[in-house]
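Participant: To start, I am sharing the structure in question, which I have written as structure tokens.
The values are calculated or read from the model by the stated rules, or taken from the named source; none is laboratory data. Predicted model, so just to flag it, every value in this text is computed and none were measured. Note that we place each Cβ from the backbone using ideal geometry, even for glycine, and neighbour counts take in every protein chain shown. Calculation scope for accessible area: heavy atoms of the full protein, side chains included, ligands and nucleic acids excluded. Shrake-Rupley method; radii C 1.70, N 1.55, O 1.52, S 1.80 Å.
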Amino acid sequence: MTWRKFNRLLDAAGLETLRFGAVGFGPFTFLGRTVLPNRFGLRADRLLQRLADGKVPWLKRAAIFHVALAVKPAAPDAESA
């Protein structure tokens, strides 16, 4: 699922996103074949994760798993309306 679809699902459920995170960038394959051996794939995954968590936040959109902390906004009280 893409980051955009994930965001749409949260919006459709009426949830307000407080924090967004992403995890996982490997395994690195092309046409079903491994491009990087596991040792290098793990290094690349860790590097991409550090970058996504730090200086390159837009990289989160390319991750495999998306995680959100979201809340359903409180309904306004009938008395205060």
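Participant: Just one of (1) 17, 48, 33, 3; (2) 16, 35, 26, 13, 6, 3, 0; (3) 17, 52, 26, 5 is P(r) over Cα pairs in 10 Å bins from 0, in percent as worked out from the coordinates here. Which one is it?
Facilitator: Read-out taken from this structure: (2).
Participant: May I ask for the angle, rounded to the nearest 10°, between helix 3-12 and the longest principal axis of the chain, with both axes built from Cα atoms and the value confined to 0 to 90°?
Facilitator: 20
Participant: Hey, can you rank 54-60, 23-29 by average C-beta count inside 10 Å, highest first?
Facilitator: With the highest mean Cβ count within 10 Å placed first, the list reads 23-29, 54-60.
Participant: At 1.4 Å probe size, with every protein chain present, just tell me what the per residue accessible area of the chain comes to in Å².
Facilitator: Dividing the accessible area of the chain by its residue count gives 82 Å².
Participant: Counting pairs of alpha carbon atoms under 8 Å apart in space and at least six apart in sequence, what relative contact order in percent does the chain give?
Facilitator: 44
Participant: What FRET efficiency comes out for the pair Leu69/Phe28, r = Cβ-Cβ distance, R0 = 30 Å, nearest 0.05?
Facilitator: Efficiency, rounded to the nearest 0.05: 0.60.
Participant: For Phe25, enumerate residues with amide H under 5 Å from its amide H, sequence gap 5+ or separate chain, H modeled in the peptide plane.
Facilitator: The list, which skips near neighbours in sequence, is Ile64.
Participant: Can you tell me the orientation of helix 38-53 relative to the chain, as the angle in degrees between its alpha-carbon axis and the longest Cα principal axis, to the nearest 10?
Facilitator: In the chain, helix 38-53 runs at an angle near 30 degrees to the longest axis.
Participant: Now a separate question. With the full set of protein chains in place, find how many percent of the accessible area of the chain is carbon and sulfur; take the probe as 1.4 Å.
Facilitator: Here it works out to 60 percent.
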